[in-house]
Number of protein chains: 2
Amino acid sequence: VSRPAGGGDAPEPRTLKLVVAYDGTSLVGWQRQAAGDSVQSLLEEALARFEGGPVTVHGAGRTDAGVHALGQVASVRMTCAHDTSTLVRGLNATLPTCVRVLSVDVSRADFHARLSAARKTYRYQIANVQTASPFTRAFVWHVPGPLSRPAMEQAAAAVVGTHDFSAFQSVGTPTRSPVRTVFSSRLFDDAGLLIYEVTGDGFLRHMVRAIVGTLVEVGRGWRAVASTAELLRGAPRSQAGATAPPQGLSLVRVDYD
Amino acid sequence: VSRPAGGGDAPEPRTLKLVVAYDGTSLVGWQRQAAGDSVQSLLEEALARFEGGPVTVHGAGRTDAGVHALGQVASVRMTCAHDTSTLVRGLNATLPTCVRVLSVDVSRADFHARLSAARKTYRYQIANVQTASPFTRAFVWHVPGPLSRPAMEQAAAAVVGTHDFSAFQSVGTPTRSPVRTVFSSRLFDDAGLLIYEVTGDGFLRHMVRAIVGTLVEVGRGWRAVASTAELLRGAPRSQAGATAPPQGLSLVRVDYD
């Protein structure tokens, strides 16, 4: 452990902000579990080698098993005095290649990846083709058969605003307010995939995947477009669509004010 | 097994041409091995269910373990009378998702995927960045550090033509002519990756990976640009660069006249 020049006191802890990407295919999710590799435990173990002792990492979004991240944000308070570029290189040399630290920056002391987050953006990738590519299968939901894009676009637009998202929250989630504000909710095409991208001030457990499952049921004609708006008035989980599978989902970005 | 309408004779065998894509990450390569899933064995098992008996599949390129294909071509003679679109759907319902049949067409009786092939195109993907993306890691060779693009481009261009490629053939390959003709050999950028693409009338075992390993050594300044041309005059394997790892390589396309 390095100490400030000339000082004999314990080193000042710093708050570090990490931007992290991961392929969640073989991970148990963000949060530490009894068994399996979580992003949190992998990062804590890698950081502990620099700190010379245990550290606690907070993540902006608690992604589930199989969900990916292009720009997850984590915060940690550490006394180690390594410069940030050394940390980036050293962490990536230690971590498995499914997890990459894209950047490390020194933040305000009170920065907390989750509590300080203003907006999060998630993306969900659908392969709406007869034969799914073997190269993207770990990152898409394969949905063959016709989907009505206009119906799905209308339903996606209805999600924007402040609503009671109970219908899109996994059953058994601990009680807290189910009200969230969605700033943007849209569908577009990218490289042959149908993409749903949503930005909000926060997301309930399984919320994006339940929205996507509902949009696909709208696209298939199994449910009316107008049903989405009705679901956003606090309907129970059972009335919305099935939860889309995890591998199509990625946490794209976390914004701070 | 269906029979021609009105006939009592044994059904006529047809020669089918299959175009196949695969993620080779967990496969032992094209060719059947004592243990592990090969593309050949997976296709033969899937086709045997339609034929009601064993079939033999020939592939245009015998890709190694870990190598991918966007457009491998296979040929098979079968008596089953299913229409080709039923075969595409049925095969993809049976095969693991790492192997996808993109098309099935009825060919000339004497069509043979390997012997009839006129040109093959391979692509090799290099991530020349400090931090490799966790999403493409199964399909790239991560080469951090500076690479001289002009030097690599000159060396790549020298590969075009008819040469003795002994220096780029894996040691211990059964004796046959090491002379091959390369029609195109170039480097370009695509989606943040450095791509090497080569088209030739045929390729020796490990030839593309040995060329790429040599190009990277040229790019790093470990070997002179001019050395590539010298290697193409029948130099021994030991004088060329190391064999690049398999996961960066894909068989892109096979052309027939």
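Report the rotationally averaged projected area of the stretch A:179-257 based on its alpha-carbon convex hull, in square nanometres.
6.1
If each label sits 7 angstrom from Cα along the C-beta direction, how far apart, in nm, is A:VAL160 from its counterparts in the other copies?
5.1
Compute the Cα gyration tensor for the stretch A:21-168, then decide on rounded, prolate or oblate, letting a ≥ b ≥ c be the square roots of its eigenvalues: rounded whenever a/c is under 1.5, prolate when a/b is larger than b/c in the other cases, and oblate in all that remain.
Cα axes put the stretch A:21-168 in the prolate bin.
Taking a quarter of the surface of the Cα convex hull of the stretch A:96-200, what do you get in nm²?
Over all viewing directions, the stretch A:96-200 projects a mean Cα-hull area of 10.2 nm².
Can you work out ³J(HN,Hα) from phi for every residue in the stretch A:19-34, in order, using Karplus 6.51 cos²θ - 1.76 cosθ + 1.60 and θ = phi - 60°, giving whole Hz and x for Gly and Pro?
9, 10, 10, 8, 8, x, 3, 10, 9, 8, x, 5, 7, 3, 10, 4
Using Cβ counts within 10 Å as a stand-in for footprinting exposure, how do B:THR63, B:THR181 rank, fewest first?
B:THR181, B:THR63
Counting Lys +1, Arg +1, Asp -1, Glu -1, what net charge surrounds A:GLU44 among other residues with beta carbon under 12 Å of its beta carbon?
Combined, the nearby Lys, Arg, Asp and Glu give -1.
How large is ³J(HN,Hα) for each residue in the stretch A:69-74, as worked out from phi by the Karplus curve 6.51 cos²θ - 1.76 cosθ + 1.60 (θ = phi - 60°), to whole Hz, x for Gly and Pro?
Taking θ as phi minus 60°, the curve returns 9, 9, x, 5, 10, 10 Hz for the stretch A:69-74.
At q = 0.18, 0.24 Å⁻¹, what is the base-10 log of I(q)/I(0) for the stretch B:16-57 according to the Debye formula with one equal point scatterer per Cα and no solvent? Please give it to two decimals.
Summing over Cα pairs of the stretch B:16-57 leads to -0.52, -0.85.
Which three extents, in whole angstrom, do the alpha-carbon atoms of the stretch B:1-104 cover along their principal axes, largest first?
48, 26, 21
Please enumerate, by chain and number, the lysines with C-alpha under 26 Å from the C-alpha of B:LYS17, excluding those fewer than 8 residues away in the same chain.
Leaving aside lysines fewer than 8 places away in the same chain, those within reach of B:LYS17 are B:LYS120.
Please average, across the residues of B:125-134, the number of beta carbons from any other chain that are within 10 Å of each residue's own beta carbon, and give a whole number.
So the per-residue partner count for this stretch is 4.
Please express the Cα-Cα pair-distance distribution P(r) of the stretch A:106-155 as a list of whole percents, one per 10 Å bin, running from 0 to the bin with the greatest distance.
Each 10 Å bin holds this share of Cα pairs: 19, 30, 21, 19, 11, 0.
Please give me the summed charge of the neighbours of B:VAL212: other residues whose Cβ is under 12 Å from its Cβ, Lys and Arg +1, Asp and Glu -1.
Summing Lys/Arg as +1 and Asp/Glu as -1 gives 0.
Mean residue ellipticity at 222 nm from the helices of the protein assembly as shown, using -39,500 (n - 2.57) per DSSP H segment of n ≥ 4 over the full residue count, to the nearest 500 deg cm²/dmol?
-6000 deg cm²/dmol
Given the C-alpha centroids of the stretch A:220-257 and the stretch A:11-26, what is the distance between them in whole angstrom?
29
Starting from the alpha-carbon convex hull of the protein assembly as shown, give the projected area averaged over all orientations, in nm².
Mean projected area of the Cα convex hull: 31.2 nm².
How high is the relative contact order of chain A, in percent, counting Cα pairs under 8 Å that sit 6 or more residues apart?
Here the relative contact order equals 23 percent.
Mean separation of Cα pairs under 8 Å and 6+ residues apart, divided by the residue count of the stretch B:208-257: what relative contact order is that in percent?
52
Want the number for B:ASP201 to B:ALA35: 0.36 nm per residue separation, take away the alpha-carbon distance, what's left?
My answer for the length gained is 56.7 nm.
Counting Lys and Arg as +1 and Asp and Glu as -1, what is the net charge of the other residues whose Cβ lies under 10 Å from the Cβ of A:VAL198?
Result for the neighbourhood of A:VAL198: +2.
Could you work out, residue by residue across A:237-247, how many beta carbons of other chains sit within 10 Å of that residue's beta carbon, and then give the average as an integer?
That average works out to 0.
Kindly give the distances from B:GLY234 to its copy-mates, label point to label point, with each label point 7 Å from Cα along Cα→Cβ, as nm values to one decimal ordered shortest first.
8.7
Based on alpha-carbon centroids, what's the gap between the stretch A:30-108 and the stretch B:46-106 in Å, whole number please?
About 43 Å separates the Cα centre of the stretch A:30-108 from the one of the stretch B:46-106.
Stokes-Einstein at 10 °C, 1.306 mPa s, Kirkwood radius from Cα pairs: D for chain B in µm² s⁻¹?
My calculation gives 81 µm²/s for D.
Which of B:ARG223, B:ARG176, B:ARG108 moves the most in a Gaussian network model of chain B with Cα springs under 10 Å?
Top of the fluctuation ranking is B:ARG176.
Could you give the Stokes-Einstein D for the stretch A:56-130 in µm² per second, using the C-alpha Kirkwood radius, 10 °C, 1.306 mPa s?
Once the numbers are plugged in, D ends up at 109 µm²/s.
Looking only at other chains, what is the average number of their beta-carbon atoms within 10 angstrom of each beta-carbon in B:135-141?
Shielding by partners across B:135-141 averages 4.
Return A:ASP23, B:ASP201, A:ASP83 ranked ascending by Cβ neighbour count within 10 Å, so the fewest neighbours appear first.
With the fewest neighbours first, A:ASP23, B:ASP201, A:ASP83 line up as A:ASP83, B:ASP201, A:ASP23.
Based on the alpha-carbon gyration tensor of the stretch A:133-185 and its eigenvalue square roots a ≥ b ≥ c, which shape applies: rounded if a/c is under 1.5, prolate if not and a/b is larger than b/c, or oblate?
Oblate, since a/c reaches 1.5 and b/c is not below a/b.
Restricting attention to the alpha-carbon atoms of the stretch A:30-77, what are Rg (one decimal) and Dmax (integer), both in Å?
10.8, 31
Quick one: which of B:67-77, B:86-96 comes out on top by average Cβ neighbours within 10 Å, and what's the full order, highest first?
Ranked by mean Cβ neighbours within 10 Å, highest first: B:67-77, B:86-96.
So the label point sits 7 Å from Cα along the Cα-to-Cβ vector; using that for A:PHE183, what distances do you get to the other copies, in nanometres, sorted shortest first?
5.2
A short reminder: the numbers here are calculations on the coordinates, not readings from a lab. Keep in mind it's a predicted model, so treat the numbers as computed, not measured. Backbone-built Cβ (ideal geometry, glycine too); neighbour counts: all protein chains shown.
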